[in-house]
Structure formats: structure tokens, C-alpha cells
Amino acid sequence: MAVPAAGVAIATGAISLDHARAEAARLGPVVGFLAAVLVLAHFCDVEGLFQACGAWMARWARGRPVRLLTAVFALASAITAVLSLDATIVLLTPVVFATAARTGVRPKPHVYACTHLSNTASLLLPVSNLTNLLAFAASGLSFTRFAALMALPWLVAIGAEYLVFRRFFARDLTAAAPGAEDTGPAPGLPLFALVTVGCTLAGFVVASVFGVEPAWVAAAGALVLAGRALVRRKATPLTVVRAAAPAFLAFVLALGIVVRAVVDNGLSDVLGRALPGGTGLPALLGIAALAAVLANLINNLPAVLVLLPLAAPAGAGAVLAVLLGVNIGPNLTYAGSLATLLWRRIVHQHEHGVDLGEFTRLGLLAVPSSLAVAVVALWGSLQVL
Amino acid sequence: MRVIAWLVEGTWPACVDAVRAHAPDDAEVVLLHVTGPDVPGVAHGAFAGLLGRGHPERDPGTRLEALGGRSAAGILDAAAERLGRPCAREERAGRVEREVVAAAEGADLLVLARDGDRSRLGPRSLGPAARFTVDHAPCPVLLVWPEAAPGLATIPPPPHHPPHHPPHHP
């Protein structure tokens, strides 16, 4: 869809070939980085990391819903931060559901927690979310400084979500079948995956000291895990390529070119007037709120592509405020944005789908509260660090 | 006599025990579980938000639907074992409270558990699904506490009557 649109934009002169080429060159490393993280997460699953997560959660929770929710918050936050939100949605959510069902706990709060944290907990590292990778390239921050500035907003946003969830799902969280404490077999430790991911994280820090592009570190980690799976015949070269989602990578490149064409043709003037200048607390709050609204209208990926060039001149603080908005904001809308909802016509695909009223009520409580405390925390971090 | 026991994750043992205690020995017992669409729906939505990353067969919502079916079967198995007498099993999918009411049509007794705030006696001890079912059930209803009922002291004191108006001083 986006690829032909990009072709049309270039062919009709809506974007000059130079601009399109510059945009593709800018997005190239980002897309490579994303591919590496997707492969890394996929092969962590092959190594059994997510099954082990399920066993850990079951043993820690012992059939008690509140303890399970705490465990889900801890694991989903860590997995989203390190292996990206895709891993939490695609790989962790089914494990969480199965764990809840197996231990006699109502799965609803825990599955909702996975989807919310896949957004809210994706603030910490550049690898946590594709939006972060895009902003990271534009912000000029080092990997470690990005993480240091985002650590406090990440923590307080998750804390706010946790409080909202405890209250919103209080009824479901009191129901536990007595005696349904099937904690399952003792989990095997997927040591190789854990060590590889740990080394990859350490590699990000070292690489940022020496000014090496962190995408190379992610690629190395992905190659180690994929290589091991290939050698052990748990994967074929085709599954490695499929794990990297090549069609989506092309989509991101094309989307970047389309958005650039739209921005070049007047959108930047309109949004530039709406976007608050400076990096004081009111300006940061305004930027984050605008980004959240835009993300809910047109999805956070195009939203971040549109807002980055406008926010970048005001400095790293403004860029990170955009990220808070586009990462936390999508919890407000089912499927992340109205555009996605209409485009994929999910309502028709799943006629008896989710209770949109409940989903939106939860979002209306969780998004403003976690976004507000996260922006204040970011402002504080910018003052101190 | 046809007795329907609506079983929900977390609270179903109390319903089974109520059937054992109150249903006549010759009653036809049906264990009912309804799977709601909302939990897989949330996962479908989150996957759609990824804008096509990953292939449709990896949609976690689909995996949740399959897991949910297995989980429901597990609950019905465990409940049948706890009941310890012949019974029928019925699995339904759809809007939970409406499916329960539909399943109760023509029954002589519907057994269900409170699903709200169970720390005190009162209307809030029923969540939306149980409230709808109790209000719309086309048959007699046996409403049980999933665990020991809270004490009478959890009822708030009656409001002062008549309302106190401060004397008017000019």
C-alpha cells in the first residue's frame, strides 16, 4: 500500500528524488536496526525464553491474581524495553494468557496489561520501539544518554499504569480458584538466550562510548542466536529472513518517503504553528499531548515521522517529549489509532470483538495519568542530567 | 429437573459445591462455560497496531482463541470431577451474560457465583455480567458466594432519618 504510494509521490514530483533518496538513506540504518531486533526476539522465543517466562510467572504468582499482575508488569516491561514491543505483543501475550488460564486466574487484566505495557514500557531504550529508533537517529543522543534520560519517565509511567490497573480490574483481581495452584514444571533456564541478550545490551553501551552505530551490535546479537538455531537445525535461512519481516521494512521506508512528501507540501507549516516551542515543562506537556493526539489519529509511526523534523531543532528534550506522546498515546484507541481501525476494518473482521467502551475507559484513565507523570519525570531528568 | 451451573474462572468451585448441596439427586445437571470475545479481541487489536509486522498466522489473538478453548475444556473437566455425578457440559462463545441467559431458557434452576466486590455485603458484590444475568434470568436463580460470605457488619449503617437541618438563626 505504502510502496506504490511512495512511487506515486516520487513520480508526480510531490517529493524530489533527492529528498526521497535522503529520506531512504536516513531510514536505512533504522530499518536494519529494526530487522536485527525482530530476529533477536524471534530466536529468544526459539530458545524457550518466553516459555520460561510463563513458568516463572506461574511459580511466583502461585494462583494469586495480584501477584500474577505484578509479575506480568515486571516481565512485560523488561521484555518490551529490551526486545521491543513486538516481542511483548506477539510472543509474551499468549504465554501470559496460558499462564493465567492454567493457574485459575481470570486472564483479562493480564492480557490488557501486556497490550498497555507494550506501549508504555517501550520508552526506555532506542531498541524498545520503532518510534524510538527513528527519534534516536534524529535526536543526536548517545545510546546511554537516551536510556538515562528515559529511565525515570519509563518507571513512573509503568507505576501509574500499575495503579490504574489495580483499581480498574479490582473485581477480576479478587477472583482466584482455591487450590488451582498448578505451577507447572520447574522452568529450564534459557541461558544462551539470556547471555546473548545481556551481551547485546552491554555492547550497546560500549558501542556508544566508541561512537559505533548500535545497529551493528543488534545485528551481531541477532546473528549469534540465528546462527545457533541454524547450526542446530531449528531454523532455515528462510525463517531467519521471515523473522526480519522484510515486507514491513519496505513499508517503513516507503512510509517515510510518503510522509516526507506530505510534510514538504504544507503539513509542516500547520503543525509547526501548533507545536509549542522551547523545552520548559508546559512546552514539553504540550508537545507530548499533541503527539499523543496525532498518534491516535494516524498511528504513531507516521506521527513520529511528521513531528520529528519539527521537534528536532528545539533539542533532545522536545524529541523525547514527542516519544512519550507517540508511545503512551496509542493505549487510548483500540488497534493503536483510528486510521488502523478504519483501514483494516477490524470491527467488521471481528464482529463480536472487544468491548470498545471498556477499552476506551481504561485508556482514558491510564493514558493521561501515565503521560503526565512521564513528562514531569522527563523534565526533571533533563534538569538533573 | 434441569439445573444449569454457570462456571467462571476463579469462582467455579463454589457453584459446583452449591449444585452438590442443593440439586436433587435425579436432577439433570448442565455445566456451562461461556468464553467472551474481549480478551482475544484485545490481542487482535494490539497486533493490528503493529501495522503488518509479523505474519497473520502469528496473530496472538488467534492463539488466545485456541488457548481459551482448551482452558474452558479444562475448567469443565475439573468441575465434572468435583461434582462426582453424571452431568452434561456446554461450551458457548459470545457475549457472556446474554449467552448465559439464553442457555438458562427452560431450565428449572440457574446456579451462579457473585463476581463483584466480595469484601462486603451489598449490590456491588455483583459485577455487570452477574447483574445482567440475575436481572434477566428466565428461571429461578441460586446466587452463591464464591468464598465465605462477609459478616453483617459490612453493611453500612442506615442513613439518619429524617435528614438533619441546622436551625436557622436570623
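Here are some notes:
- Positive-pole candidate from A:LEU378, A:LEU49, A:VAL262, dipole of chain A, charges at beta carbon: A:LEU49
- Longest site-free stretch - chain A; sites: GluC sites (Glu not before Pro), DSSP loop, at most 16 other Cβ within 10 Å: A:1-180
- Cut-off 15 Å between beta-carbons: net charge of the residues surrounding A:LEU230, Lys and Arg +1, Asp and Glu -1: +4
- Cα-based shape type of the range A:238-385, given that a ≥ b ≥ c are square roots of the gyration tensor eigenvalues and the cut on a/c is 1.5: oblate
- Using a 1.4 angstrom probe on protein heavy atoms only, the contact between A and B buries about 3500 square angstrom of accessible area, both sides summed.
- Cα-based shape type of the range B:2-154, given that a ≥ b ≥ c are square roots of the gyration tensor eigenvalues and the cut on a/c is 1.5: prolate
- Per residue, the protein assembly as shown exposes 43 Å² of solvent-accessible protein surface, assessed with a 1.4 angstrom probe and all protein chains in place.
- Helix content alone sets the calculated 222 nm mean residue ellipticity of the protein assembly as shown: runs of n ≥ 4 DSSP H residues at -39500 (n - 2.57) each, divided across all residues, give -20500 deg cm²/dmol.
- Formal net charge of residues neighbouring B:ARG124 (Cβ-Cβ distance under 12 Å; K, R +1; D, E -1): +3
- Computed over chain B with a Gaussian network model linking Cα atoms closer than 10 Å, the most mobile of B:GLY94, B:GLY116, B:GLY84 is B:GLY84.
- Cα gyration tensor shape of the protein assembly as shown, rounded if a/c is under 1.5, else prolate or oblate by comparing a/b with b/c: prolate
- Where both bridge residues fall in the protein assembly as shown, DSSP classifies roughly 5% of the beta bridges as antiparallel.
- Accessible surface, 1.4 Å probe, highest first, among residues A:VAL375, A:VAL46, A:VAL209: A:VAL209, A:VAL46, A:VAL375
- Shielding by partners, peptide B:112-124 (average Cβ within 10 angstrom, other chains): 2
- Share of carbon and sulfur in the accessible area of the range B:2-154 stands at 51%, probe radius 1.4 Å.
- Heavy atoms of A:SER16 accessible to a 1.4 Å probe, total area in Å² rounded to 10: 60 Å²
- On the beta carbon distance between B:GLU28 and A:LEU17, with R0 = 56 Å, the FRET formula returns roughly 0.15.
- Excluding exposed DSSP-loop trypsin sites (Lys or Arg not before Pro) (at most 11 other C-beta within 10 Å), longest clean stretch of chain A: A:1-231
- In terms of the mean number of neighbouring beta-carbon atoms within 10 Å, the peptides B:151-161, A:312-322, A:298-308 order highest first as A:298-308, A:312-322, B:151-161.
- Additional length obtainable on full extension of the chain from A:VAL241 to A:ARG273, 0.36 nm per residue less Cα span: 7.2 nm
- Other protein chain C-beta atoms within 10 Å of residue C-beta, averaged over A:234-245: 1.
- Cα centre as origin, Lys/Arg/Asp/Glu Cβ charges: chain A dipole, Debye: 720 debye
- Distance between the range A:273-304 and the range A:31-59 - C-alpha centres, whole angstrom: 32 Å
- Counting Cβ atoms of other protein chains within 10 Å of each Cβ in B:66-74 and taking the mean gives 3.
The values are calculated or read from the model by the stated rules, or taken from the named source; none is laboratory data. For clarity, every value in this text was computed on a predicted model and none was experimentally measured. Reconstructed Cβ throughout: ideal geometry from the backbone, glycine too, with neighbour counts over all protein chains shown. Only protein heavy atoms, including side chains, enter the accessible area calculation; ligands, DNA and RNA are left aside. Shrake-Rupley method; radii C 1.70, N 1.55, O 1.52, S 1.80 Å.
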